[in-house]
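To keep things clear, I will list the structure first and then write my remarks on it.
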Amino acid sequence: MFVLIRKLLIANQKKIKQLSTLVIVNVFISALGFITQVKIANVLGKESFGLISFGIAIATYGAVFIRFGLDKTLVRDLIHYPTRFSGTVKSSLQIRLTFLLLFIVGVLTWKLSTSSNNDISWGVFLIISANVLMTLDLQAIYDSWDKMTRHAMYHLVQKVLYFILVWVVILFDSSFLSVSLIGTMTLIAVLTYLALQYSWAIPRIPTDKVKTNHRLLTINMIRGNTLIWMSGVIGLSFGTLNQIILKYYHGASELGGYSVAWMIVTMATILLSQVSRIGFPATARMTTGESTQHEKFNFLIKYSSFMLCITSPISFVAFVYPEWILSTFFNPEFRDAASALKIMGLYIPVFSIGLVATQYTVSIKQEKAYFYSNLLGGVVSLTLCLILIPTYGSVGAIWALLLSHGLALAGCVLITVLDVLKTEKTITDRSHETTT
């Protein structure tokens, strides 16, 4: 057993080093981010913190609209089609920039359309703008080049800069802290983050060996990503629409309590996103058609088990000790979110397994199956939100999330299992043909 473990460590030395760096960086970011968010929530109170969460929820919709599914397919395309790497990058940026401008104009029009609209203040508008600018990042390029560590360092610079700006204001005079100031500091950090990425990656993008029809490639990317994009929009009904509906029925204060509990889930998803950055390229390579059923099965078991292991401590504490978390870190006004936090402890492992299955489903280009799975979950989510949230508030919102998203992710798990079984059948058929 010791020899086997040693061989595995040696064989995966590069990936282990990358993962260690990503996890260490993001654990540091998560810890400092949690402390900072707790302080912001306690200084601003439930209502203002709810408005910040509302702005982030709107920005999440915008990010899905702007990315047009490229966050799920771009790594796959860069790895599967290396001869048109530069053209793919150029087309993806053109698509994202076009939709970014359309979204910003739309939100600005909403803001200026009525003077009585207090939801979209200039501070909330800044928060929305800063967060949607993140859609122009080059993470897919860094991931396809196995440069996750470098990208993680840029992400660290962004977060540390934001934390420094926030804490300087808090330590100097916390009364200056406001939604507008939070938006301004977020925008400064995001612009710095993008500048670092572009200055290193753009000069290193290789020239395509084969001449590419850029216009045709862009059109094909839009066509190929339409179902993924629609699935992403529907998928927002799981974790974002419920927040907007919650604010509509119960106000910003209730949303602020829900958002405090959601911070625990965010910590888990940050860890998962870093592991999945290594797992997604590996999944794309695993689904090129050259892997056996046994190789796929082992890969998925190891990947899923690791995702569960790294989030199980957070899930356990959230489920067993929700009152302790809220009473220890937050003001008494946030303690009524304990019931929602307890249910979120159940949601984390469901999301962990589902993320692996989602990446596999996208990698094998089962866009239609992925779309219908999300469509079913989205309809269930909207139905449950309208039934549960008016009566049960934040607890109803998290139950709607858990049940509907769990259903959609179960669809992706089924697709994954069927594809692995199909691989076994294909190998058996080939063996039979060879024997014949």
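Do we have Arg96 as of a type in the set (Lys, Arg) and modelled with pLDDT under 80 here? Can you show your working first?
On the way: of a type in the set (Lys, Arg): yes; modelled with pLDDT under 80: no.
No.
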Self-check item: Among the candidates Thr358, Thr288, Thr292, residue that is touching a residue at least 40 places away in the same chain (Cβ under 8 Å) and within 22 Å of the chain's Cα centre (by Cα)
Solution: Thr358
Practice problem: Run Met148 past the list (1) of a type outside the set (Val, Ile, Thr); (2) out of contact with any Lys or Arg (no Cβ under 6 Å at 6 or more places or on another chain); (3) within 14 Å of Trp200 (Cβ to Cβ) and report the number of the one that doesn't hold. | Solution: (2)
Self-check item: Residue that is nearest to Arg96 (Cα to Cα), among those in segment 208-231 that are open to solvent by 60 Å² or more (accessible area, probe 1.4 Å) and not in a helix (DSSP H, G or I)
Solution: Asn213
Exercise. Being part of a helix (DSSP H, G or I) and touching a Phe, Trp or Tyr at 6+ places or on another chain (Cβ under 8 Å) is the filter; apply it to segment 280-294 and report the residue that is least open to solvent (accessible area, probe 1.4 Å).
Key: Thr283
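Of the residues in segment 122-138, how many are modelled with pLDDT under 85 and either open to solvent by 40 Å² or more (accessible area, probe 1.4 Å) or under 18 Å from the mean Cα position of the chain (by Cα) (or both)? Can you show your working first?
Residues of segment 122-138 modelled with pLDDT under 85: 122-124.
Add one more test, that the residue is either open to solvent by 40 Å² or more (accessible area, probe 1.4 Å) or under 18 Å from the mean Cα position of the chain (by Cα) (or both), and what stays is 122.
Residues in segment 122-138 being modelled with pLDDT under 85 and either open to solvent by 40 Å² or more (accessible area, probe 1.4 Å) or under 18 Å from the mean Cα position of the chain (by Cα) (or both): 1 in total.
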Quiz item: Can you tell me how many residues in segment 128-159 are within 12 Å of Leu74 (Cα to Cα) and either assigned to a helix (DSSP H, G or I) or hydroxyl-bearing (Ser, Thr, Tyr) (or both)?
Solution: 6
Quiz item: Which one of the conditions (1) closer than 27 Å to Asn242 by Cα; (2) surrounded by fewer than 21 Cβ atoms within 10 Å (Cβ to Cβ); (3) at pLDDT below 75 does Lys46 fail to meet, given that it meets all the rest?
Solution: (2)
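Each row is one residue, and each column tells you yes or no for (1) β-branched (Val, Ile, Thr); (2) open to solvent by less than 40 Å² (accessible area, probe 1.4 Å).
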{"residue": "Pro349", "(1), (2)": "no, no"}
{"residue": "Tyr392", "(1), (2)": "no, no"}
{"residue": "Ile398", "(1), (2)": "yes, yes"}
{"residue": "Leu402", "(1), (2)": "no, yes"}
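Looking at Thr184, Thr149 in this structure, which one is modelled with pLDDT under 85 and on the phi < 0 side of the Ramachandran plot? Full working, then the answer.
Numbers: Thr184 fails: modelled with pLDDT under 85.
On inspection, the qualifying residue turns out to be Thr149.
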Quiz item: Any idea how many residues of segment 67-88 are open to solvent by less than 20 Å² (accessible area, probe 1.4 Å), of a type in the set (A, V, I, L, M, F, W, C) and more than 20 Å from Leu133 (Cβ to Cβ)?
Solution: 3
Quiz item: Do you know which of the residues in segment 242-266 that are β-branched (Val, Ile, Thr) and open to solvent by 10 Å² or more (accessible area, probe 1.4 Å) is modelled with the highest pLDDT?
Solution: Ile245
Practice problem: Name, by its number, the condition in (1) surrounded by fewer than 21 Cβ atoms within 10 Å (Cβ to Cβ); (2) touching a Gly at 6+ places or on another chain (Cβ under 6 Å) that does not hold for Asn374. | Solution: (1)
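Considering only residues that are more than 29 Å from Leu421 (Cβ to Cβ) and polar (S, T, N, Q), look in segment 298-338 and name the one that is most open to solvent (accessible area, probe 1.4 Å).
Checked segment 298-338; the qualifying residue most open to solvent (accessible area, probe 1.4 Å) is Thr328.
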Self-check item: Failed condition for Ser91, given (1) surrounded by 19 or more Cβ atoms within 10 Å (Cβ to Cβ); (2) under 18 Å from Val362 (Cβ atoms); (3) not aliphatic (A, V, I, L, M)
Solution: (2)
Quiz item: Can you name the residue in segment 166-203 that is open to solvent by 30 Å² or more (accessible area, probe 1.4 Å) and among the small types (Gly, Ala, Ser) and is also farthest from the chain's Cα centre (by Cα) among such residues?
Solution: Ser175
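Would you point out which residue out of Ala357, Ala337 is aliphatic (A, V, I, L, M), at pLDDT below 85 and part of a helix (DSSP H, G or I)? Spell out the reasoning first.
Numbers: Ala357 fails: at pLDDT below 85.
Ala337 is the lone residue from the list that is aliphatic (A, V, I, L, M), at pLDDT below 85 and part of a helix (DSSP H, G or I).
The values are calculated or read from the model by the stated rules, or taken from the named source; none is laboratory data. None of these values were measured; they are calculated from a predicted model. No Cβ is skipped: glycine too gets one built from the backbone with ideal geometry, and neighbour counts run over all protein chains shown. These accessible areas exclude ligands, DNA and RNA; they are computed on the full protein's heavy atoms, side chains included. Shrake-Rupley method; radii C 1.70, N 1.55, O 1.52, S 1.80 Å.
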